[in-house]
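The values are calculated or read from the model by the stated rules, or taken from the named source; none is laboratory data. Please read these numbers as outputs of a predicted model, since none were measured by experiment. Neighbour counts are summed over all protein chains in view; Cβ atoms, including those assigned to glycine, are modelled from backbone coordinates with ideal geometry.
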Amino acid sequence: MLSRIVAATAAVLALGVPAIAMESDRASERPVVVELFTSQGCSSCPPANAYLTDLVRSRKDVLPLGFHVTYWNRLGWVDPFSFEGATQRQAAYGSRFGDGSYTPEIVVNGKVSFVGSHRAQGEAAIDAAKREAASAPVTVTRKGGSVSINVGQGSGNARVILVGYDAQHSTKVPRGENSGQTLVESNVVRSFQKVGDWAGQPVTLNVASPAGEEIAVLLEAPDGSIVGAARASDSAS
């Protein structure tokens, strides 16, 4: 084991790249955040839900999140995963982009939006977002009922947002535009809350674990763009 460590260190030094710098680079990597605003009451949404599921399965460099909005609930079927926070978040994007709220809508890194079933636009937006640097490295660790969030040093300032989501749900829909269908939806957001602020200096936040099977953290700049993100890992100790 020691010989392998020495060899690896020698290889790094031979390239003229400090090991600490390489570790920092890895820490600063972050997934591209893809937010889908959807509803089980919307007949145009299943293709967008399928696209989000494909991203979950095939793109580890992407953090797909499904936000179920409430404004379809009055039209024959109440989406069990809809919540007002999703509706409000989309409304904020709609106001900023000037296109209102509609489903299905995808927003990439809080900067660009398009019809959620338009895969070509999605891939182009993701590729463009991957060329953007994160403002700061983010790590998230879950242990039991608590979550530890560490945001490193960087530039700018942002809200620290904790997201809880479920990996997948399958729902039989008896009424509304999708009546008779069984909808399979991935990374269904169950909770979304600001837990702190970051202003360029390292910060550690310890908070209660949110509703949802999985956890992620977003850094949201004052203009609404996502400048950092990370999925949670589970602590073994």
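The listed residues are 145, 196, and the only one of them that is farther than 20 Å from residue 64 by Cα and modelled with pLDDT of 95 or more turns out to be 196. Put simply, of 63, 55 the only residue that is in contact with a Pro (Cβ under 6 Å, 6 or more places away or on another chain), at pLDDT 95 or above, part of a strand (DSSP E or B) and closer than 30 Å to residue 181 by Cβ is 63. Does residue 170 meet the test of being surrounded by fewer than 19 Cβ atoms within 10 Å (Cβ to Cβ) and modelled with pLDDT under 95? The answer is no for residue 170. Of the residues making up the range 131-144, those that are of a type outside the set (Val, Ile, Thr), within 23 Å of residue 58 (Cβ to Cβ) and surrounded by 14 or more Cβ atoms within 10 Å (Cβ to Cβ) are 132, 134. Restricting attention to the range 173-192, the residues that are crowded, with 17+ Cβ neighbours inside 10 Å, assigned to a loop (DSSP other than H, G, I, E, B) and not acidic (Asp, Glu) add up to 2.
Of all residues in the range 54-96, which are out of contact with any helix residue (DSSP H, G or I) (no Cβ under 9 Å at 6 or more places or on another chain) and among the charged types (D, E, K, R)? Matches in the range 54-96: 57, 60, 74, 79, 84, 89, 96. The set of residues from the range 146-183 being among the acidic types (Asp, Glu) and closer than 26 Å to residue 221 by Cα comprises just one member, 166. For the range 163-189, a residue qualifies if it is within 21 Å of residue 208 (Cβ to Cβ) and touching a Lys or Arg at 6+ places or on another chain (Cβ under 8 Å), and the qualifying residues are 164, 165, 166.
Only one of the listed residues (228, 164, 156) is assigned to a loop (DSSP other than H, G, I, E, B) and of a type outside the set (Phe, Trp, Tyr). That residue is 156. Tell me, yes or no, whether the range 71-86 has at least one residue that is at pLDDT 95 or above and touching a Lys or Arg at 6+ places or on another chain (Cβ under 6 Å). Within the range 71-86 (the criterion being at pLDDT 95 or above and touching a Lys or Arg at 6+ places or on another chain (Cβ under 6 Å)), the answer is yes, since at least one residue qualifies. If only residues of the range 41-52 that are polar (S, T, N, Q) and assigned to a loop (DSSP other than H, G, I, E, B) are counted, the one that is nearest to residue 103 (Cα to Cα) is 44.
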